[in-house]
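The values are calculated or read from the model by the stated rules, or taken from the named source; none is laboratory data. Source: prediction; values computed, not measured. With ideal geometry, Cβ positions are generated from the backbone for all residues, glycine too; neighbour counts draw on all protein chains shown. Just the protein is used for accessible areas: all its heavy atoms, side chains included, with ligands, DNA and RNA removed. Shrake-Rupley method; radii C 1.70, N 1.55, O 1.52, S 1.80 Å.
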Amino acid sequence: MTTPCKTHPRTGHYEQLNQPKTSAAALGYRMPAEFEPLDCVWLAPPNNEETWPGCLEQAQRQFADWMDQLRQVVTVRTTGELDIPTNDSWIRDYGPIFVTRGKPASAAAPLPGMPGGVAVSSGVTPPLACHDFHFNSWGEKYEVRDLDDVVPQLVAKELGLPIWVHDFVLEGGSIEVNGRGTVMTSEQCLLNANRNPAMNRKQIVDKLHETLGTRHVIWLPGGIEGDDTDGHIDDVARFISPDTVAIIAAEPGHADHAMTQANLKALRGATDQDGNTLNIVQLPVPQPVIYEYPEGKSPVPASYANFLIANKHVFVPVFGQASDERALRVLDDAMGGCTIVPIRAEHLVVGLGALHCLSQQQPAVVV
């Protein structure tokens, strides 16, 4: 196996990129919540047979069906359209993490999907920028993926955006923000020695706040069976409004029951950035999905939490199970004003991820 890269690789035009010397937080940038208005969604369509062994064509069809529906509510841009080469399709984890300047437009926190965008003050600092965190193949579990690791630099070059390039290891699927100062993550992932072993919890927290413009962290214990990312939060719990979290809760006897109960207990004891108790919405968990991989049968991380919110639409992965309808009803009841769109994903999830993992949102900004 190739020796893992301990520092972030740079592209040939690295020196020409606009790289601020001051931290994102110090410049007034923050990572907006996904339920805030989006300008576009970035995708890298499935093309790796090793990721989807025996079902790549079926996964591609499900992806294409989803992309057709996504294009109806938001601009879609793909790495292929820009001739950006990739090793795989998990752009959530290696793609640019976009940040914007200023607070949400309304003084009161808007409900999911409400118009408003991001209000930013005019000036020499651009309203939109991005981060490029080091992607080490989910804790060096797989071969080096240097093409994926530099995608944000190529996107920043294309869009003319300021960019911070970090040796700090962080995947987009491991963080979830409410856009008001809180970031939610899992101890299993961010505190794992296979990510940033030289950093302690406080140093990791400081790095999150410095880059995402947050000031408060909610730690959940870990992730679900079949997830090769060491507990990414986007398979477990998601903000659907500034003060409401949708979290999966498995029934007794399910392989994920103990962990989801531990996560639920931690969330019930958590608050937002202002010390307020969070509203909690519980999502069901599908029955275990087992796939016959070349090396043998293994569970896949089928989760209704791996949805994508895009401009008042919620694209939810479904798996042809009785629990699908229940999950859709829960989200429909909790997210009034949003359109819930089920997307068949039983083939996509064979790649060990679903809709959220396969996408990266770019927020809208209003100057």
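Only one of the numbered conditions (1) touching a residue at least 60 places away in the same chain (Cβ under 8 Å); (2) more than 25 Å from ASP93 (Cα to Cα) is not met by ARG268, and that is (1). The residue pairs whose first member lies in segment 44-56 and is closer than 16 Å to TRP66 by Cβ, whose second member is open to solvent by less than 20 Å² (accessible area, probe 1.4 Å) and β-branched (Val, Ile, Thr), and whose beta carbons are closer than 6 Å, counting only pairs six or more residues apart or on different chains, are ALA44/THR79; ALA44/ILE91; TRP52/VAL350; CYS55/VAL350. Residues in segment 215-232: is at least one outside any loop (DSSP other than H, G, I, E, B), open to solvent by less than 10 Å² (accessible area, probe 1.4 Å), among the hydrophobic types (A, V, I, L, M, F, W, C) and over 18 Å from SER359 (Cβ atoms)? Looking for residues that are outside any loop (DSSP other than H, G, I, E, B), open to solvent by less than 10 Å² (accessible area, probe 1.4 Å), among the hydrophobic types (A, V, I, L, M, F, W, C) and over 18 Å from SER359 (Cβ atoms), one finds at least one in segment 215-232, hence yes.
Against the list (1) assigned to a loop (DSSP other than H, G, I, E, B); (2) open to solvent by less than 10 Å² (accessible area, probe 1.4 Å), the condition VAL350 fails is (1). Of the residues in segment 183-198, none is more than 17 Å from the chain's Cα centre (by Cα) and either of a type in the set (Ser, Thr, Tyr) or open to solvent by less than 10 Å² (accessible area, probe 1.4 Å) (or both). One residue stands out among those in segment 268-295 that are aliphatic (A, V, I, L, M) and outside any strand (DSSP E or B): the one that is surrounded by the fewest Cβ atoms within 10 Å (Cβ to Cβ), which is ALA270. Of all the residues in segment 246-264, those that are under 13 Å from TYR304 (Cα atoms) and touching a residue at least 40 places away in the same chain (Cβ under 8 Å) number 3.
In summary, VAL365 fulfils each of the numbered conditions (1) crowded, with 18+ Cβ neighbours inside 10 Å; (2) within 24 Å of PRO46 (Cβ to Cβ) with the single exception of condition (2).
Could you grab me the full set of residues in segment 135-172 that are among the β-branched types (Val, Ile, Thr) and in a helix (DSSP H, G or I)? Spell out the reasoning first.
To start, the set of residues in segment 135-172 that are among the β-branched types (Val, Ile, Thr) comprises 144, 150-151, 155, 163, 165, 169.
Of everything in segment 135-172, those that are among the β-branched types (Val, Ile, Thr) and in a helix (DSSP H, G or I) turn out to be VAL151, VAL155.
Does SER298 count as surrounded by fewer than 16 Cβ atoms within 10 Å (Cβ to Cβ), touching a residue at least 60 places away in the same chain (Cβ under 8 Å) and within 29 Å of GLU50 (Cα to Cα)?
Numbers: surrounded by fewer than 16 Cβ atoms within 10 Å (Cβ to Cβ): yes; touching a residue at least 60 places away in the same chain (Cβ under 8 Å): yes; within 29 Å of GLU50 (Cα to Cα): yes.
Yes; evaluated as a whole, the condition is true for this residue.
Of the residues making up segment 31-48, those that are assigned to a strand (DSSP E or B) and open to solvent by 20 Å² or more (accessible area, probe 1.4 Å) number 1.
Evaluate the following for GLY117: is it crowded, with 17+ Cβ neighbours inside 10 Å, modelled with pLDDT under 95 and under 20 Å from the mean Cα position of the chain (by Cα)? Break it down stepwise before answering.
Values: crowded, with 17+ Cβ neighbours inside 10 Å: yes; modelled with pLDDT under 95: yes; under 20 Å from the mean Cα position of the chain (by Cα): yes.
Taking the combined requirement at face value, the residue satisfies it.
Within segment 57-83, residues that are in contact (Cβ under 8 Å) with a residue 60 or more places away in the chain reach partners that are basic (Lys, Arg) and surrounded by 13 or more Cβ atoms within 10 Å (Cβ to Cβ) with beta carbons closer than 9 Å, at six or more positions or on different chains, in the pairs GLN62/ARG344; ASP65/ARG344; TRP66/ARG344; VAL73/LYS312. Filtering segment 50-100 to residues that are assigned to a loop (DSSP other than H, G, I, E, B), over 21 Å from the mean Cα position of the chain (by Cα) and buried (at least 16 other Cβ atoms within 10 Å of the Cβ) leaves only CYS55.
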